[in-house]
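Notes follow once the structure below has been shown.
The values are calculated or read from the model by the stated rules, or taken from the named source; none is laboratory data. Keep in mind the model is a prediction, meaning the values are calculated, not measured. Every residue, glycine among them, receives a Cβ derived from its backbone with ideal geometry; neighbour counts consider all protein chains shown.
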2 protein chains.
Amino acid sequence: TQSSHRLLAYSDALISIIATVMILPVAHTKVESSEELRQSLQLLLSAKIGVYLMTFLIVTVAWAAHIRLFQVIVRIDDCLALLNLACMMLITFLPYTFSLMAMFPENILGMLLFCGCVMVIGIIQCVIVLYAFSHPFLLNEQIQISENQNFYKSHILKVIMRVPIMCFFASILSFIFFQLSYVLLAIVVFLPYISQTLKWCRSKAIGQVEESPDEVLFYTYLPSEPLSKERVEAFSDGVYAIVATLLILDICEDNVPDPAVVQQQFGGSLIAALREYGPEYLAYFGSFATVGLLWFVHHSLFLHVTKATRFMGLLNTFSLAFVGGLPLAYQLTHEFPHHSHNELEAIQISCVIVFFAGIFQLAIWVAALYSERESLHPDVWYGGREHVFMLAKLALYPCVTLGTFFLTCVLSEFSASIFHLMEITVPFAFLLLRLLVRIGLALLRLL
Amino acid sequence: TQSSHRLLAYSDALISIIATVMILPVAHTKVESSEELRQSLQLLLSAKIGVYLMTFLIVTVAWAAHIRLFQVIVRIDDCLALLNLACMMLITFLPYTFSLMAMFPENILGMLLFCGCVMVIGIIQCVIVLYAFSHPFLLNEQIQISENQNFYKSHILKVIMRVPIMCFFASILSFIFFQLSYVLLAIVVFLPYISQTLKWCRSKAIGQVEESPDEVLFYTYLPSEPLSKERVEAFSDGVYAIVATLLILDICEDNVPDPAVVQQQFGGSLIAALREYGPEYLAYFGSFATVGLLWFVHHSLFLHVTKATRFMGLLNTFSLAFVGGLPLAYQLTHEFPHHSHNELEAIQISCVIVFFAGIFQLAIWVAALYSERESLHPDVWYGGREHVFMLAKLALYPCVTLGTFFLTCVLSEFSASIFHLMEITVPFAFLLLRLLVRIGLALLRLL
Ligand SMILES: [K+]
Ligand SMILES: [K+]
Ligand SMILES: [K+]
Ligand SMILES: [K+]
Ligand SMILES: [K+]
Ligand SMILES: [K+]
Ligand SMILES: [K+]
């Protein structure tokens, strides 16, 4: 038996890559300036963005299921490691099935492939559960010493098999009436979350429903179900790392000029040739800095979090989905002519994306404060100085981007300069934040 | 103050992406079948492979320096986190400077950019060291309680500044006599390793040289200098994860057919259109499985390692550099017509790459066995059953690929079938390895 730590870290790395990869087809869609192509392009682009968001959502749902499974199975052996790799291979194939669905919505092949993958993943997970329960030393302490092991086993198997069985029906239904199979799939994936959230809200509103002591603690789908904090961090790190480097991948591949072109068009001057790519370097450094600082805020936030819940994980997923689109938005800000309407739009879209990425981080903080005694270090409980400092860190990007957005609305002539100024000042603002907060508090006391 | 764990995990993720990214330009070079283009293509391809290997090497050297720095500084604060992000931004830019050097070897711009980046990275590292020594609670316990703190500080600063100062001279020299500056750079980067390795070999050959008790334990460049095992694992995980998903990134982007093309060329049959891409899916699953299983062997190996050394890190780097080329080789096996000479070559190259990736893993094991009392768990010390089992795991890929290589030489007609058979049987061989080893040992005893 082995600690499962590294297996989970590797799975997190794989899943975070797959969750963000569908932004690449969006990023590589060529923007044409001719008006006639515009409409069909916008359709294509919105289809691709839809695929990106759907992939991100479904892959994070699969990731949550993976976390749930390996909160029950806490030790592994060779056999489980190999079964897990097989599971990962199928998960990494899912985005492709979405691309097929988006490009050929009338064709059932994409749906069948998706259902096939999900069914095989479900079967592998069942095999993992059966194997682990037949080697009880692999299990969670709590289940290991419990007398109801068989009850736990059948409960977990039931929850796991629900999705593949529904997928089986969806794939049969798709032969008869395929629009309905999409609806069925959407229900399958989100129903447990929705129903449990509603139940939870009702219990909060009406009053605490007494829970039986023998209640199953795993696979509850409650928003307050604990989610491994370590894995949320590892997954987020993976997404932030991929997204921060997305642009340099393109730059290394596309922006090395051809020697012949340099000789003919630029009279042999490499610097002149590279100057053409100036905006792309700027977009790279700008997006790396922004993603890096958002990672920094996330890192500071999770330093203070002691217990992550499923609801916080969901908010984190939303934040990361916006982070994924950020390099693309930054790249667009430089692709259009200066002072054009398109440039202004691209800059405002960038502001909106950074704003939402920041706002969802702030929402995680608010959700943690809601049950601060369980979820947060005593240092940052409401009212302390560290609390104010953390709040300032979280509020910096939303405030700055909101300000930039409205400034560019008013002073649309100078939108690019305002945006660049924002990019340059924010890192220094973070460096001086502790000082700024102290001055702010002192000023408040003076007034 | 904060634990530096997550900062380091994020840095490892960034560096592992950057180390492997230069394989993409190699992978995306179009293979032309016309003979005339062959020669220029081979030149271009070998330049790109050179850039990939150089990037991998230099980035891992920078990574080793980063490990060394953060073995001295074990806690961080916000300021250090932000400085580290700035450092990462520059490291991720290095591959681009190599591309420029490779495409324009006569132009000094690439060299100047590289030297500039290295100098700024060096300065940032010095600032980090100065900052940490002025806040001693951030430092390693051993240095914190030491009376020679100033001695440590100046020793570390001297080691760190050596490279940027040499780069400064190299950049000046490049204006006068640029071929020499390449030589200077190569010396700068590798001299400490080479000189210390020679010293170490001499001391091993002649006999143990007595070390003064006040010897500096950090920044020694000795092959036996400890290297954080956790970070070697994190970096390797990153590389294995990126490499395993390299092909699906391409597939998701390029292999979704255009609806119009499907309508015209395939009479609306999506399955017929996708059949065209069959080989690429096969290459994806084949390379994912092989990379996954190499990860599995690496994972098993490092479960038994208790202390990693710089030398083991170097062997690991070589293994990972071959792993990086693997998806590309697998893709090539399917790009050429059946039974062609090219197909045979591609299959043999794939075998060679997997063989070397496996052999260097085996070399890590041998290096660990050399000082097994320090580096390995007692379970796997020479002679035990777990030892035999680990050896079998490590030897499986080298043996199988060697066998496949020679079989394809002899039975070149059936090379593709032999290769596919190998791909399919190896995962099952891993699953049944424990059984096979037991049977093997029993047979040995019988004989
Ligand atoms: K990770
Ligand atoms: K580009
Ligand atoms: K920018
Ligand atoms: K990692
Ligand atoms: K491809
Ligand atoms: K293959
Ligand atoms: K190394």
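Restricting A:366, A:426 to residues that are under 24 Å from the mean Cα position of the chain (by Cα) and over 23 Å from residue A:315 (Cα atoms) narrows the list to A:426. Can you find even one residue in the stretch B:23-31 that is at pLDDT below 85, assigned to a helix (DSSP H, G or I), surrounded by 14 or more Cβ atoms within 10 Å (Cβ to Cβ) and within 16 Å of ligand 2 (Cβ to nearest atom)? Yes. For residue B:81, state whether it is among the small types (Gly, Ala, Ser), more than 16 Å from ligand 4 (Cβ to nearest atom) and surrounded by fewer than 20 Cβ atoms within 10 Å (Cβ to Cβ). Taking the combined requirement at face value, the residue does not satisfy it.
Please verify whether the stretch A:122-144 includes one or more residues that are buried (at least 16 other Cβ atoms within 10 Å of the Cβ), at pLDDT 90 or above and in contact with a Pro (Cβ under 7 Å, 6 or more places away or on another chain). Yes, the stretch A:122-144 has at least one match. Taking residue B:347, is it of a type in the set (Val, Ile, Thr), under 19 Å from the mean Cα position of the chain (by Cα) and either over 24 Å from residue A:79 (Cβ atoms) or within 14 Å of chain A (Cβ to nearest Cβ) (or both)? Criteria not met by residue B:347.
Given the criteria within 30 Å of residue B:88 (Cβ to Cβ) and either modelled with pLDDT under 85 or acidic (Asp, Glu) (or both), does residue A:230 qualify? Considered against the rule, which asks whether it is within 30 Å of residue B:88 (Cβ to Cβ) and either modelled with pLDDT under 85 or acidic (Asp, Glu) (or both), residue A:230 comes out as yes.
Hey, any hits in the stretch B:380-403 for a residue that's more than 25 Å from the chain's Cα centre (by Cα), at pLDDT 90 or above and part of a helix (DSSP H, G or I)?
yes
Give the number of residues within the stretch B:254-273 that are facing another protein chain (nearest Cβ under 9 Å) and of a type in the set (S, T, N, Q). Residues that pass the stated criteria total 1.
With respect to residue A:294, determine if the residue is within 14 Å of chain B (Cβ to nearest Cβ) and in contact with a strand residue (DSSP E or B) (Cβ under 6 Å, 6 or more places away or on another chain). In short, no. Checked against (1) touching a strand residue (DSSP E or B) at 6+ places or on another chain (Cβ under 8 Å); (2) more than 11 Å from chain A (Cβ to nearest Cβ); (3) within 18 Å of residue B:388 (Cα to Cα), residue B:301 meets all criteria but (1). Taking (1) touching a helix residue (DSSP H, G or I) at 6+ places or on another chain (Cβ under 9 Å); (2) surrounded by fewer than 21 Cβ atoms within 10 Å (Cβ to Cβ); (3) more than 30 Å from residue B:44 (Cα to Cα); (4) more than 8 Å from every other protein chain (Cβ to nearest Cβ) in turn, residue A:289 satisfies each apart from (4). Could you go through the stretch B:412-431 and let me know if any residue there is free of Cβ contacts under 8 Å to residues at least 12 places away in the same chain and closer than 30 Å to residue B:224 by Cα. Looking for residues that are free of Cβ contacts under 8 Å to residues at least 12 places away in the same chain and closer than 30 Å to residue B:224 by Cα, one finds none in the stretch B:412-431, hence no. When the residues of the stretch B:42-71 are filtered to those that are out of contact with any helix residue (DSSP H, G or I) (no Cβ under 8 Å at 6 or more places or on another chain) and within 14 Å of chain A (Cβ to nearest Cβ), the one that is nearest to ligand 1 (Cβ to nearest atom) is B:44.
Quick check: is even one residue across the stretch B:72-83 free of Cβ contacts under 8 Å to residues at least 24 places away in the same chain, at the interface with another protein chain (Cβ under 7 Å from one of its Cβ atoms) and closer than 16 Å to residue A:281 by Cβ? No, every residue in the stretch B:72-83 fails to be free of Cβ contacts under 8 Å to residues at least 24 places away in the same chain, at the interface with another protein chain (Cβ under 7 Å from one of its Cβ atoms) and closer than 16 Å to residue A:281 by Cβ. The residues of the stretch A:96-144 that are away from chain B (no Cβ under 12 Å) and among the small types (Gly, Ala, Ser), listed by number, are A:116, A:122, A:132, A:134. Any residue that is over 15 Å from the mean Cα position of the chain (by Cα) and part of a helix (DSSP H, G or I) - is there at least one of those in the stretch B:305-326? No - not one qualifying residue is present in the stretch B:305-326.
Filtering the stretch A:1-19 to residues that are facing another protein chain (nearest Cβ under 8 Å) and assigned to a helix (DSSP H, G or I) leaves A:6, A:7, A:9, A:10, A:13, A:14, A:17, A:18.
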